[in-house]
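**Student:** One structure coming up, written as structure tokens, with questions to follow.
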Amino acid sequence: MTAAIEPIAGRYLHLALEGQPHRLYFEEAGQGIPLLCLHTAGADGRQFRALLNDPEITADYRVIAFDMPWHGKSSPPEGWQREDYQLTTERYTGMILAVADALELERPVAMGCSIGGRIVLNLAWAHPERFRALIGLQSAAYVERYYDAGWLNHPEAHKWETVWHYMQGGPGIFQGDLFFYQVEGDVRDRIRDIDTAKCPLYMLTGEYDYSASPADSEAAAALIPGAKLTIMKGLGHFPMSENPEGFRGYLLPVLEEIRSAG
Amino acid sequence: MIERLAELVNDDAWLVKRGRLLNVTFAIGVDETDYLVRIVDGRIVGIETGPHVMRAWTFAIRASARTWETFWQAVPPPGFHDIFALLRKRLITFEGDLQPMMAHLLYVKLLLAKPRELAAA
């Protein structure tokens, strides 16, 4: 029997975030247009393993998925034990730009899911010139707090691998990410000013998502002239990890459109 | 549906194992009727159909019969596939001491979704 080794390479990147040294884990595969993938709250870059292993995607794209600080194999910064982790729009945006700079990515495509789908809207508003295109998965400009986040344990995905990722989150980290998602990171006022002529914006939302629901994505897309929203049949909040095969059917045409636009 | 919940749950050794640390009596409300489900070590040992007089429960999960019927379809439509999706739609209520429910949320969700197996059969 021959063992199979995936083409994914994992490495650690040392960089400063907000003036503090950080050690960040990232995985990559493929070559070509950089595709920077942003995982969901409380999870890590493993959610994108199907993309990283998809030869049709990695033929033209250098797919990169990093674990945010406090997540996955990335360390929290020194002194974390005295800190309450909270993600903010500024911190999240700065982190993405810093990673792109540190890896010397030239006008990458950024694709984020859930909180990543939210920050992509902010990137489209604040830094369109830095990106070739932006792809928001399960994007909403704001999500009402329909449950009490004080209870948070792990969310309710039924793709067991996604559940496993969530079971491995550090205490308080999912909740700290949701500070951005549910409290601080409301971009409803900004998204009207997004200029999709500077940077194309694609939005893909699963019909079974009840957090960033199709209605939430439609409400955001309606405010952004030129945003291209597709509702994905049969998919939920974690399209890339809960149903990679179903998801790629929606993603491939978007990647092809970005590639052929040059 | 609820009448067969005990056998559906108790015949699922994996689910019983997931709930083995849960000992509670909770209510499933269907329209005006409360079904009191008594869980011992993850097994359903009794379901009592209301009306009840002065019966205590720890937490109650209530929705209309129509909502539960949709929730229990083999493949429910978007928004009816998860009790928290129902919560966002304001079609379900959680009351009482929610700590045991939240501490065993995956088990509670899987238990409540069990009747879907009858629809699929």
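**Student:** Using Cα centres only, tell me the gap between the range A:19-56 and the range B:47-121 in whole Å.
**Tutor:** 37
**Student:** Further question: Taking other Cβ within 10 Å of each residue's Cβ, how do A:242, A:207 sort, fewest first?
**Tutor:** A:207, A:242
**Student:** Mind checking the mean number of beta-carbon atoms from other chains within 10 Å of the Cβ atoms in A:122-128? Numbers along the way, then the final one.
**Tutor:** Numbers: counts 0, 0, 0, 0, 0, 0, 0.
Per-residue shielding by partner chains comes out at 0.
**Student:** What is the order of B:52, A:22, fewest Cβ neighbours within 10 Å to most?
**Tutor:** B:52, A:22
**Student:** Could you give the DSSP H helices of chain A that reach 18 angstrom or more along their long axis (alpha carbon positions) and whose average Kyte-Doolittle hydropathy is no lower than 0.0?
**Tutor:** Numbers: long enough: A:89-102 (19 Å, 0.37); A:244-261 (25 Å, -0.05).
For chain A, where a helix must reach 18 Å along its axis and average at least 0.0, the hits are A:89-102.
**Student:** Send over the semi-axes of chain A's equivalent ellipsoid, whole angstrom and largest first, taken as the square roots of 5 times the C-alpha gyration tensor eigenvalues. Intermediate values should be presented prior to the final figure.
**Tutor:** Values: eigenvalues 108, 102, 78 Å².
Ellipsoid semi-axes (Å, largest first): 23, 23, 20.
**Student:** A further question on this structure: Just checking the output field for B:78-84: average partner chain Cβ neighbours within 10 Å of each residue's Cβ?
**Tutor:** Working: counts 12, 7, 2, 5, 7, 1, 6.
Partner Cβ neighbours, averaged per residue: 6.
**Student:** Would you please name the chymotrypsin sites (Phe, Trp or Tyr not before Pro) within the range A:189-262 that are DSSP coil residues with at most 16 other C-beta atoms within 10 Å of their C-beta?
**Tutor:** The qualifying sites: there are none.
**Student:** Neighbouring Cβ atoms within 10 Å as the yardstick, rank B:71, A:66, B:94 fewest first. Walk me through the numbers before you get to the answer.
**Tutor:** On the way: B:71 24, A:66 27, B:94 18.
Sorted ascending by nearby Cβ count, the order is B:94, B:71, A:66.
**Student:** Same structure, new question: If you filter the range A:25-94 for trypsin sites (Lys or Arg not before Pro), then keep DSSP loop positions with at most 16 other Cβ within 10 Å, what is left?
**Tutor:** Numbers: sites: A:46, A:49, A:62, A:73, A:82, A:91; in loops: A:73.
Counting only loop positions with at most 16 other Cβ atoms within 10 Å, the trypsin sites (Lys or Arg not before Pro) in the range A:25-94 are A:73.
**Student:** Let me ask you something else. Checking the table A:73/A:198; A:198/A:233; A:233/B:114; A:228/B:114 against a 32 Å threshold on Cα-Cα, which pairs fail? Provide the component values of the computation, followed by the final result.
**Tutor:** Working: A:73/A:198 34 Å; A:198/A:233 30 Å; A:233/B:114 24 Å; A:228/B:114 38 Å.
Distance filter (> 32 Å) returns A:73/A:198; A:228/B:114.
**Student:** Is there a quick way to get the dipole size of the range A:9-261? I mean about its Cα centre, with the Cβ of Lys and Arg at +1 and of Asp and Glu at -1; what is the value in debye to the nearest 20? Can you show the working numbers first?
**Tutor:** On the way: 22 positive and 34 negative charges, 62 e Å.
I would put it at about 300 debye.
**Student:** At R0 = 30 Å, how high is the FRET efficiency between residue B:52 and residue B:17 if r is their beta carbon distance? Nearest 0.05 is fine. Could you put the intermediate results ahead of the total?
**Tutor:** Numbers: r = 30 Å, r/R0 = 1.00.
With R0 = 30 Å, the Cβ-Cβ based efficiency is 0.50.
Rule-based calculations on the coordinates, nothing more; no lab input. Treat the numbers as computed from the prediction; the structure is a model and nothing was measured. All Cβ positions, glycine included, derive from the backbone under ideal geometry; neighbour counts span all protein chains shown.
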